[in-house]
Amino acid sequence: MKRIIVALLIFACAGGALFAQNFNLSAGAGGQFTYDFSTVVLTQEGKDSKYYKEDEMHSHLLGGGAYAFFDATYVEANFGVFFGNANTDKKSKDNGYGDKGWDVTALKLGIFGKFPVNMGGFYLFPMIGLDIMIPVGGKIDGDDINDDKKVPTEFKDKYFIKDLTHVWFKAGVGVDFYVTEKVYVRPEFLYGVRVNTSVENDLMNDAKVEGDKKAISAIVGHGLDIRLAVGYRFY
């Protein structure tokens with residue numbers, strides 16, 4: 001993960017240096033809203049068993065925070081802080097799944113390729129890239145979790161806050177509305193899917209038992225980001 005972060009920062013700086021002489025450079029800051037969804041597919045028996053039963057647990061992570069960005073016309077690099085709360089939905093709780101909620105504080109880093117199009121009065125740009133959420137603190141039912149303290153035993157003593165890092169592939173669209181020659185307002189709308197965390201992979205592997213039985217057969221995460229920022233174009 002450290003190598004990924006370093007690579008993102010190097011790419012952002014190199015992109016800025018590459019475009020500095022021929023393209024517009026700008027930077028800005030604003031707020032972001034995130035609504036992520038996760039679906040865990042659970043099975044009581046393997047598909048070859050006459051007792052096979054499949055069910056799903058649905059959870060959501062809702063939150064927001066502040067972020068800053070650097071823009072080199074065709075590349076946007078951003079970083080920020082995120083505060084959110086995750087819970088399973090009512091139906092899943094009624095079925096006995098996921099009765100614990102957790103709060104999270106995280107850092108977010110992203111780098112996106114973009115292609116601005118002059119629409120006559122504003123610039124519209126499709127964008128696609130990589131977004132990483134790195135939790136740095138949190139609570140499960142009010143109990144703090146960090147590198148030195150393990151969360152409840154049902155997670156088999158493998159559930160550390162650092163293992164909840166989310167790596168996302170996202171795509172969407174943004175718009176630059178210029179208020180003055182140098183100042184603009186930038187809303188962005190992104191949707192993406194994520195790679196399973198190391199904790200989720202461990203849970204899936206540990207859930208395997210004898211024969212074709214498996215308690216967890218799949219975990220799928222997807223979600224929406226809405227951002228609004230004010231930027232300043234240097235030249």
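The values are calculated or read from the model by the stated rules, or taken from the named source; none is laboratory data. On a predicted model such as this, the values are computed, not experimentally measured, just so you know. Quick reminder, even Gly has a Cβ in these numbers, built from the backbone with ideal geometry, and neighbours come from all protein chains shown.
Some points to look at:
- 3 or more residues surrounded by 18 or more Cβ atoms within 10 Å (Cβ to Cβ) and at pLDDT 75 or above: qualifying strands (runs of 3 or more DSSP E) within region 116-235: 123-140, 166-178, 183-195, 216-233
- Taken over region 77-98, the residue count meeting the criterion of being modelled with pLDDT under 90 and touching a helix residue (DSSP H, G or I) at 6+ places or on another chain (Cβ under 6 Å) is 1.
- Residue within region 44-57 that is assigned to a loop (DSSP other than H, G, I, E, B), at pLDDT 90 or above, hydroxyl-bearing (Ser, Thr, Tyr) and over 16 Å from the mean Cα position of the chain (by Cα) present: no
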